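First comes the structure, then the notes that go with it.
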Amino acid sequence: MTGPAPEPHRPVGLASLVRERSIIICSGSGGAGKTTTSAAVALAGAREGRRSCVVTIDPARRLADALGIGELENSPRRIEGDWPGELFALMLDAKGTFDELVERYSESPEQAGRILSNRLYRNLTSALSGTQEYMAAEKLYELHESGDFDLVVVDTPPTRNALDFLDAPGRLTRFLENRVFRLLLMPGRASLKALSVASQALLRTISRVAGSEIVEDSVAFFRAFEGMEQGFRDRANRVEQLLADPGTAFVLVAAPRRDSIGEAHYFSARLAEANMPVAGLILNRVHPDFTAGELGPGIVGGSEAEAAPLPEGEAEAARLLAQLQENLRNLEQMVDQERGYLAQLEDGIEGAIVEIPYLRDDVHDLDGLSLVAEYILGQVASGRA
């Protein structure tokens with residue numbers, strides 16, 4: 001549509017990632033269409049004959065409706081469709097996933113029961129910052145290790161929280177290695193004796209301000225956790241290794257807006273620092289060049305936007321023509337502005353770049369997802385065509 005043709009070394013579409021990688025992690029700013037795009041990437045995998053599963057953190061029903069099902073749960077649900085592979089989807093339940101981990105690493109049902117009923121644990125799983133991101137990483141690991149899927153696609157939280165997703169395994173490991181945590185796991189009153197005078201004074205202050213129940217719940221929680229920390233630590237290390245595995249690809253999803261491009265820049269830089277380069281870039285809802293020729297299926301514009309010749313000398317016709325010309329100039333300015341934003345990001349990406357144009361209709365069903373999947377696979381000329 002607009003802009004120069006892609007450089008020869010750039011692959012067309014993300015077909016190679018969809019066919020060859022075992023994990024694709026989609027990240028980007030809020031409002032960029034990341035959840036829908038993640039589902040379309042998983043659908044692209046099914047179209048390529050793979051058994052794929054998308055994990056979404058978005059509780060909205062819109063994705064479930066688009067997939068043609070009533071609701072999504074914390075376990076994979078098969079989506080029926082006419083493709084050679086298989087497609088599954090689930091919506092992350094952070095607390096449910098945490099509960100499953102506790103049950104897995106507890107030495108007995110009684111130990112699991114003590115933890116699950118502990119008030120501190122219930123607060124941690126519902127309010128602690130980063131819990132959702134860590135559980136998303138855990139669910140990814142669980143699905144990958146099950147061997148049930150060729151491709152797992154993860155819809156991460158918005159960019160800043162996506163960084164918590166990457167750091168979550170290491171953060172848990174650091175927590176489990178914390179001196180105070182280890183002391184609180186000591187049997188009897190030995191842990192309190194080992195704490196410094198300052199630490200004991202802090203506990204007494206917390207008791208006076210927040211109530212002794214909070215301190216008691218905390219100590220009870222850590223005591224109930226005794227014997228499980230190594231399992232959690234080993235698991236966190238394996239999740240961290242999986243994120244850095246060559247079979248894992250990070251794909252940025254961005255909209256042609258200044259804030260979205262800025263977030264994508266930030267995340268790309270952080271990935272580079274962690275030696276996890278961006279493998280692909282999906283530019284979503286890109287406005288087409290209305291002065292170009294064929295715009296592709298489902299896109300606003302094309303021949304439908306071309307004004308028919310107007311009779312000369314008619315005042316009303318002249319007024320309408322002037323309005324159309326003004327609208328076209330405004331659209332051209334908007335496209336030029338978007339191109340400027342996109343160029344800033346594209347220059348720093350070595351992987352494939354896919355443009356999904358602004359479609360005529362919102363994606364609300366499998367037909368819409370299939371169209372987006374075609375753009376992702378490079379089967380439809382992208383915004384660069």
Most packed first (mean Cβ within 10 Å per residue), the peptides 135-147, 110-122 order as 135-147, 110-122
Most exposed first, judged by fewest Cβ atoms within 10 angstrom, Ile24, Ile57 run Ile57, Ile24
Kindly rank 271-283, 367-379 from highest to lowest mean number of other beta carbons found within 10 Å of each residue.
367-379, 271-283
For the stretch 228-256 and the stretch 62-104, distance of Cα centres in Å
20 Å
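Every number in this text was worked out from the coordinates using simple rules, so none of it is lab data. What you see is a predicted model; the values in this text were computed from it and never measured. No Cβ is skipped: glycine too gets one built from the backbone with ideal geometry, and neighbour counts run over all protein chains shown.
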